[in-house]
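Peer 1: This is the structure I want to talk about, given as structure tokens.
The values are calculated or read from the model by the stated rules, or taken from the named source; none is laboratory data. From a predicted model like this one, the values you see are computed outputs, not experimental measurements. Backbone-built Cβ (ideal geometry, glycine too); neighbour counts: all protein chains shown. In case anyone asks, the SASA skips ligands and DNA or RNA and just uses the protein heavy atoms, side chains included. Shrake-Rupley method; radii C 1.70, N 1.55, O 1.52, S 1.80 Å.
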Amino acid sequence: MTLPEPKEWLLDEENELRIEIDFDTKVKLRLVTGTAEVFGTELGQNVDYEFSGRKIAVFTWHGCKILITGTCSVEYIANETPMLSYLNTHIALEQRRVLATQNNKAGPRVMIVGPNDVGKTSLSKMLLSYALRQSRQPIYVDLDCSEGSITMPGCLTATPLTEMIDVEEGFGSSATSAPTAGSAVMPLAYYYGFPSPKDNTKLYSLLLARLAQSVNRRLEEDEAARTSGIVIDTNGLIDATGYEIIAQCIKAFSIDVIIVLGHERLYADMTRLHQKSGVAVIKLAKSGGVVERDNAFRRQTQNQKIREYFYGTSKSELAPYSTMINFHDIEILQVGEGSLAPSSALPIGEDRKVSETHVVSVEPSENLLHSVLAVSNADKRVEPDILETNLAGFIYVSEIHDSRKKLTVLSPCPGRIPKKFWWLGSLKWAED
Ligand code: ADP
């Protein structure tokens, strides 16, 4: 097969090449001359980077030449970007880190808020990458349960970062396959199991508080992380529930910087509600390159994430371990009454608080086929503690042998017997 001719792109200083690559296509990108970065991580010269199912921006501060091999569904150069304001924000945060180091105080605790698809995750990556490039060791907190940029969707996570974020894999390189796959960086993950904080607000708040406790303890013990601070990526909820969650988050994580991305009213509200308590509220513009993702794209991203969790990426392949488990050796748990609709679907005024953190057992059956379950680190079923126990990892149910009362599961960690308590959420995946 002959490879397509590479296409050459010449970028002037402070320009950005925006490309979108479909899931069934692979595109190679090479920086030939100059310097360039992808969401804050610098590209090496004459290295081939491969992308599939991604929407990215290759930004250059001083100009560069790039070669693209393969077909992008969208490709264009933009000369207007908000990158300078993003860099200035980093510089202001870095000044706080310098002061924190001199005075043995805490570094900036930043929370990025805004509606969906304004570039919150991309800005988190940039601010974290810039901090890492200055030898800082910030903690990345991901409260966006719909996406799961660190591990699977449905989780709230905190990851102490020490290595640069990978250009091709994003946060994946540092953590996607962990906790179970033995990555160098271990994210702390709590299982929520729903796409929106509105689906079970009580549980979401409980887990947010638990995660904050763990992060605060880590910051007390780890000086480098303490002075580097944290960056929190949030979900795009900006209604009354969203505001309550933001307020809870500010308190729990002692947030001192709120970045409002691409939303004037939210900025005005955050300033009015939180500035008087000493929180700096910063407004930043949404980049014209941010792409709205439809449900089909989100679903495909989710599938790609699940696949990479078990099989790795083309750069670092994993061989998942298939094992047969007796029904009676495990206990499958679910929060609330399994068959009920989420709270957000209940009529106004109807309360389901009692069941929102109530744990129920689920009988293993054919219904579990193709489910991705979260494996709890808990050794005993004590309520409500089990809800707040962090995760060991995930397994995928590949076969159900109902008559033999057994199931076959895939796990990324060979030789390791999964723990007893497994959380069932709404994640399904048909292995291809
Ligand atoms: P949010 O976290 O607010 O939902 P994201 O940061 O995830 O938004 O961005 C939405 C999509 O747009 C992602 O696929 C991301 O890779 C893409 N994107 C963000 N910024 C740019 C840009 N400058 N050029 C091209 N694509 C971008």
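Peer 1: Viscosity 0.890 mPa s, temperature 25 °C: give me the Stokes-Einstein translational D for the stretch 202-260 in µm²/s, with Rh taken as the Kirkwood radius over C-alpha pairs. Please report the intermediate quantities before stating the final value.
Peer 2: Details: Rh = 12.3 Å.
Taking Rh from Cα pairs, D becomes 199 µm²/s.
Peer 1: Another one. Over the alpha carbons of the chain, what is the largest minus smallest coordinate on each principal axis, giving the biggest first in Å?
Peer 2: For the chain, the Cα extents along the three principal axes come out at 65, 64, 43 Å.
Peer 1: Give Lys125/Lys420; Lys202/Lys428; Lys198/Lys251; Lys120/Lys251; Lys125/Lys315 a once-over and call out the pairs whose C-alpha atoms are over 26 Å from each other.
Peer 2: On the way: Lys125/Lys420 35 Å; Lys202/Lys428 24 Å; Lys198/Lys251 20 Å; Lys120/Lys251 20 Å; Lys125/Lys315 21 Å.
The answer is Lys125/Lys420.
Peer 1: Measuring with a 1.4 Å probe in the full set of protein chains, what accessible area per residue, in whole Å², belongs to the chain?
Peer 2: Working: 19160 Å² over 432 residues.
Computed with neighbouring chains in place, this is 44 Å² per residue.
Peer 1: A further question on this structure: Using amide H atoms built 1.01 Å from N in the peptide plane, name the residues 5+ places from Ile259, or on other chains, whose amide H lies under 5 Å from its own.
Peer 2: Here Met111, Ile112, Val113, Ile282 satisfy the definition.
Peer 1: Over the chain, what is the mean sequence separation of C-alpha contacts under 8 Å (at least six apart), divided by residue count, expressed as relative contact order in percent?
Peer 2: 15 percent
Peer 1: Quick check on packing: order 195-201, 149-155, 238-244 by the mean number of other C-beta atoms within 10 Å, highest mean leading.
Peer 2: 149-155, 195-201, 238-244
Peer 1: If you count, for each residue, the other Cβ atoms within 10 Å and average over each peptide, how do 358-366, 372-380 line up from highest to lowest?
Peer 2: Result, highest mean Cβ count within 10 Å first: 372-380, 358-366.
Peer 1: Can you sort Trp9, Trp429 by solvent-accessible area, 1.4 Å probe, largest first?
Peer 2: Final ranking, largest accessible area leading: Trp9, Trp429.
Peer 1: For every helix of n ≥ 4 consecutive DSSP H residues, a contribution of -39,500 (n - 2.57) applies; sum these over the chain, divide by its total residues, and give [θ] at 222 nm rounded to the nearest 500 deg cm²/dmol.
Peer 2: Result for the chain, helices only: -8000 deg cm²/dmol.
Peer 1: Classify the stretch 2-117 from the C-alpha gyration tensor, please: rounded if a/c falls under 1.5, else prolate or oblate depending on whether a/b exceeds b/c.
Peer 2: In terms of gyration-tensor shape, prolate.
Peer 1: In the chain, what % of DSSP beta bridges are antiparallel (nearest 5)?
Peer 2: Working: 65 of 86 bridges.
Taking every DSSP beta bridge within the chain, about 75 percent pair in antiparallel fashion.
Peer 1: Could you rank Val167, Val382, Val290 by how accessible they are, 1.4 Å probe, largest area first? Provide the component values of the computation, followed by the final result.
Peer 2: Working: Val167 10, Val382 70, Val290 45 Å².
Largest to smallest exposure gives the sequence Val382, Val290, Val167.
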